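Structure, as structure tokens:
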Amino acid sequence: MKIARGKQVCKYLPRPGCIKFTMTRLKFLNFSDLRSAVVFAALLLACAPHSHGQSVAPASNDKPEGHALEPIEEEMRVKRSIKLAEKEHKENLDRAHLLSALSVEIGQAYKEKAHFDRNDLKKLEKLEKLTKSIRSAAGGSDDAEAINKTPPDLAEAVSKMMEVADDLRDKVKKTPRRVVSAAVIDQANVLLELIRRVRGLSRQG
């Protein structure tokens, strides 16, 4: 059957937006007539822009991985980092002040009673936890042998413990935020060893 003019041509054309002719429709077309073939080719070319437009995927607005931050985003990130560092530094300073005050309380209790009761031992345990937290914030983690000569008796061990606790507080105050301080770590290890010494001697008494 030849492709006729007018309305009969539209009978075999795809609907608007459609780019595919089914085999069922194609089999009715007869290309024996050169004129019909030319018309058919023209119709295919007319549909080509629609096909191209429908096959293109919409552009994505997502940023590719590794995309550099915008200036405002980078500024906000830096401000958050500074705030966090200030918060951590303040918390460590608070620990150092509490540690020093707690060591004074323990020393005063021993001076008055010449021994430790359960409440004093709890304070000693808290002192140990504070010291470990300070050491961790300074970049340390493991215990190390820090004292060459341990105090021989409880009175001397308590006195030395108070002295080292005060020194540790001062070192924390002088250490800038987010700095790994070998001096703080070493002093914390000394204090931890003295705390263990005080606890051991108190049990012997």
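The values are calculated or read from the model by the stated rules, or taken from the named source; none is laboratory data. If you're wondering where the values come from, they're calculated on a predicted model, not measured in any experiment. Quick reminder, even Gly has a Cβ in these numbers, built from the backbone with ideal geometry, and neighbours come from all protein chains shown.
Results, tabulated for the structure shown:
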{"quantity": "Yes/no for L124 being crowded, with 17+ Cβ neighbours inside 10 Å and modelled with pLDDT of 95 or more", "calculated": "yes"}
{"quantity": "Residues within the stretch 115-146 that are aliphatic (A, V, I, L, M) and either part of a helix (DSSP H, G or I) or over 37 Å from the mean Cα position of the chain (by Cα) (or both), tallied", "calculated": "6"}
{"quantity": "So T150, is it among the β-branched types (V, I, T) and more than 22 Å from K126 (Cα to Cα)", "calculated": "no"}
{"quantity": "Residue in the stretch 163-173 that is more than 17 Å from E105 (Cα to Cα), in contact with a Leu (Cβ under 6 Å, 6 or more places away or on another chain), surrounded by 16 or more Cβ atoms within 10 Å (Cβ to Cβ) and free of Cβ contacts under 8 Å to residues at least 60 places away in the same chain present", "calculated": "no"}
